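Please treat every number below as a calculation from the coordinates, not as lab data. Treat the numbers as computed from the prediction; the structure is a model and nothing was measured. Note: ideal-geometry Cβ built from the backbone for every residue, glycine included; neighbour counts use all protein chains shown.
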Amino acid sequence: MAAAPGLNVVVTELPDAAAVTEALSRPGLQVLELYTDCWGPTAACKSTWRKAALEHGGALPCQLYTACTERCGGVPGLEPYVSAPTSQPLFLFFKGGKQVAEVRGVNPPALLRELAAAEGSGPAAVVRESECC
């Protein structure tokens with residue numbers, strides 16, 4: 001299936017801790033997928049991000065990043081995730097340099113819900129894969 005015309009969904013791989021720290025300090029909403037080196041970043045959420053972009057006129061209201069947990073040592077706020085990596089992807093939502101939400105596992109409804117909540121400075125939440133309908 002071809003991408004819709006004008007659809008702007010870009011996921012940037014962050015190669016090291018310095019790049020992660022810099023990206024998460026940028027203004028606006030940032031979504032970071034943390035993955036383990038042996039599993040790699042998930043491709044399963046591409047359609048979810050496309051849907052979100054379509055709902056926002058063709059561009060996501062956030063920047064999407066992926067980073068390997070093994071290369072994120074020393075990033076402030078990521079220590080609990082880096083010290084106990086799992087095969088399950090983890091999506092962290094940051095706004096103004098502060099974490100506002102987290103979604104564990106591939107859970108499109110939760111990702112869209114947290115994206116909408118984070119845009120409006122909603123409360124931080126933890127949503128697990130088991131909560132998916």
Quiz item: Of these, CYS72, CYS45, CYS62, which one is touching a strand residue (DSSP E or B) at 6+ places or on another chain (Cβ under 8 Å) and under 11 Å from VAL20 (Cβ atoms)?
Solution: CYS72
Quiz item: From the list LEU92, LEU54, LEU64, LEU60, which one is in contact (Cβ under 8 Å) with a residue 40 or more places away in the chain and either more than 16 Å from THR12 (Cβ to Cβ) or touching a Lys or Arg at 6+ places or on another chain (Cβ under 6 Å) (or both)?
Solution: LEU54
Self-check item: Among residues of segment 101-123, those that are within 20 Å of TRP49 (Cα to Cα) and without any contact (Cβ under 8 Å) to a residue 60 or more places away in the chain, counted
Solution: 15
Exercise. Hand me the list of strands (runs of 3 or more DSSP E) wholly inside segment 1-118 holding 1 or more residues that are of a type in the set (Gly, Ala, Ser) and surrounded by 20 or more Cβ atoms within 10 Å (Cβ to Cβ).
Key: 63-68, 98-104
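Going through segment 28-51 one residue at a time, which ones are among the basic types (Lys, Arg) and under 19 Å from LEU14 (Cα atoms)? Show your work before the answer.
Looking only at segment 28-51, we keep the residues that are among the basic types (Lys, Arg), and these are 46, 50-51.
Selection gives LYS46 alone.
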